[in-house]
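Enquirer: Questions regarding the structure given below will be posed in turn.
The values are calculated or read from the model by the stated rules, or taken from the named source; none is laboratory data. Computed from a prediction, not measured in an experiment: that's the story for all the values here. Cβ placement follows ideal geometry from the backbone for every residue including glycine, while neighbour counts extend to all protein chains displayed.
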Amino acid sequence: MNAAFQHIRDWVFDLDNTLYPARALYDEIGERMTAFIARAAGASTDEALFLREHYFHEYGATIVGLVRHHGIDAREFLAYVHDADLSVLTPDPELRDLIAALPGRRIVFTNGGGGHAERVLKRLQLDDLIEGVFDIEHAELAPKPQRESYDRLIQVRGVRPDRAILVEDTLRNLEPAHAMGFVTALVGPVHPDPRPAYVDHWADEVKTILRVALGL
Ligand SMILES: [Mg+2]
């Protein structure tokens, strides 16, 4: 192991655009969200699209605004919108080998819900390597980067932040984690310059971070 990662016992991964490229699913999930909101809120497609984006920016997750302002059932919404065609996803054997080589627990921490993470992990053939999924339903609808989301993860999963890493493609989600003591790793194309102090490691993709961590 690389010395900077030797103390890590809990490997906490975001899901979408961290463990797989989610672009292939986003259009379909987005359309399902808009259709659900239009139907449930009695809105036009344009209004529904506006609400979807407005609540996402306002609350960090569209569902939070839908529950608060429209009384929409979160379980029903999350199950419906995430029922996307996963046949476009392909397993990555190299990623699987790297995750399998990590010492300690691997946890997926996502703002998704409705069984999305479990289905995607199964499709990616990573499900047997992940000890648990902690999604927005487990977090009682507190999305990252709200502090409550991390607090609930820590409490429910028994994560010790000073022995954990969070690997994420969304920059803003790393800030509270770092403040709580997590090592942080940013993956993906977003590389702010200068690098914020709350980003400990960064790379174009998760496999690069894991190779560095494993000293490969
Ligand atoms: Mg993500």
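Enquirer: If I go through the stretch 1-21 residue by residue, how many of them are in a loop (DSSP other than H, G, I, E, B) and among the aliphatic types (A, V, I, L, M)?
Expert: Kept after step one, since they are in a loop (DSSP other than H, G, I, E, B), are these residues of the stretch 1-21: 1-2, 6-9, 14-15, 17-19, 21.
Then keep just the ones that are among the aliphatic types (A, V, I, L, M); that gives 1, 8, 15, 19.
Residues flagged as in a loop (DSSP other than H, G, I, E, B) and among the aliphatic types (A, V, I, L, M) within the stretch 1-21 amount to 4.
Enquirer: Then there is this: Got a sec? Which strands (runs of 3 or more DSSP E) wholly within the stretch 110-216 have at least 3 residues that are more than 14 Å from the ligand (Cβ to nearest atom) and crowded, with 22+ Cβ neighbours inside 10 Å? If you could, list the steps in order and put the result at the bottom.
Expert: Values: elements: 132-134, 164-168, 183-187, 201-203.
Output list is empty.
Enquirer: How about the stretch 2-21: which of its residues are of a type in the set (V, I, T), more than 9 Å from the ligand (Cβ to nearest atom) and under 13 Å from the mean Cα position of the chain (by Cα)?
Expert: Within the stretch 2-21, the first condition is being of a type in the set (V, I, T), and the residues that meet it are 8, 12, 18.
Filter once more, so that each one left must be more than 9 Å from the ligand (Cβ to nearest atom): 8, 12.
Hit for the stretch 2-21 is V12, nothing else.
Enquirer: While we're here: Any residue in the stretch 173-193 that is over 13 Å from V206 (Cβ atoms) and modelled with pLDDT under 95 sitting within a Cβ distance under 6 Å of a residue that is buried (at least 17 other Cβ atoms within 10 Å of the Cβ) and hydrophobic (A, V, I, L, M, F, W, C)? List the pairs, counting only those 6 or more apart or interchain.
Expert: Close Cβ pairs satisfying both conditions: V190/L171.
Enquirer: Kindly evaluate A48 against the criterion of being within 16 Å of the ligand (Cβ to nearest atom) and in a helix (DSSP H, G or I).
Expert: no
Enquirer: Quick one: which residue in A79, A24 is within 16 Å of the ligand (Cβ to nearest atom), surrounded by fewer than 17 Cβ atoms within 10 Å (Cβ to Cβ) and part of a helix (DSSP H, G or I)?
Expert: Working: A79 fails: within 16 Å of the ligand (Cβ to nearest atom).
Just one listed residue meets the conditions, A24.
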